[in-house]
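J.: Take a look at the following structure, please.
The values are calculated or read from the model by the stated rules, or taken from the named source; none is laboratory data. None of the values given here were measured: they were computed from a predicted structure. Backbone-built Cβ (ideal geometry, glycine too); neighbour counts: all protein chains shown. These area figures cover heavy atoms from the full protein model, side chains too; ligands, DNA and RNA do not enter into them. Shrake-Rupley method; radii C 1.70, N 1.55, O 1.52, S 1.80 Å.
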Amino acid sequence: MKLWSIQHKAAYDQLQEEGVLHANEKYLFCEDELRFAYDWMADQLEKRVGKAPNGVHYPVWAWYQWEGKRKRLDMRTHRRWSTKGTPIVLLTLEIPDHLVLLSDFDMWHCVLNHGEASFSVDFDKIYSEQEIRESWNDIFMWDKSNQYWPEPKTTQAVFWELKKEWVVRSEFFVSV
């Protein structure tokens, strides 16, 4: 499966040196109040793909498609996610399909906001905590759309580790 991942250059250097990259918890792109969502995604990756390697808790993130397009990301817009002046690398990857979990990026924000993410939203209903958490499973139906979650889809990918041999191309940028 072809994916694209944006990494700090230091992470890329580690990948080159060690041959494998795992998500480093201290560099997660989330605030402490969002940690529950990343824990939930890690649990889903374990349930749907398999156990994490020893000592690994969080997955590596990548893009499967952006706004419905399966092509290399445009770094003129995607390099703004890091502190200005930070060296970053856009990696084009080829990862075995069975190691990857895909999800709808827009619906992922319902998880981040602790909201209901179902395809069958009832705006008059007050959802229980259990119903909200169960609705989050709908984010994995990334190729489905309806009036609430229209096309074009942006699809993210998670996997436990990135192996050096899966890197097809490396492009270096500086965050602006």
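J.: Would you please put 124-132, 100-108, 6-14 in order of how densely packed they are, using the mean number of other Cβ atoms within 10 angstrom per residue and starting with the highest?
T.: Descending mean neighbour count gives 100-108, 6-14, 124-132.
J.: Over the chain, with the other protein chains present, what is the accessible area per residue in square angstrom, probe 1.4 angstrom?
T.: Per residue, the chain has an accessible area of 56 Å².
J.: Over all directions, how big on average is the projection of the convex hull of the alpha-carbon atoms in the chain, in square nanometres? Show your work: numbers first, answer last.
T.: Details: hull surface 42.4 nm².
Mean projected area for the chain: 10.6 nm², to one decimal.
J.: When the accessible area of the chain is split by element with a 1.4 Å probe, what percent falls to carbon and sulfur? Spell out each step's value before the answer.
T.: On the way: 4810 of 9770 Å².
About 49 percent, which is the carbon plus sulfur part of the accessible surface.
J.: Compute the angle between helix 9-18 and the longest alpha-carbon principal axis of the chain, please, reported from 0 to 90 degrees and rounded to the nearest 10.
T.: Computed tilt is about 70 degrees.
J.: If you place +1 on the Cβ of every Lys and Arg, -1 on the Cβ of every Asp and Glu, and leave all else neutral, what size is the dipole of the chain about its Cα centre, to the nearest 20 Debye?
T.: The calculation lands at about 900 debye.
J.: If I fit a long axis through the Cα atoms of helix 35-48 and take the longest principal axis of the Cα atoms of the chain, what angle between them do I get, 0 to 90°, rounded to 10?
T.: Its long axis makes an angle of about 90 degrees.
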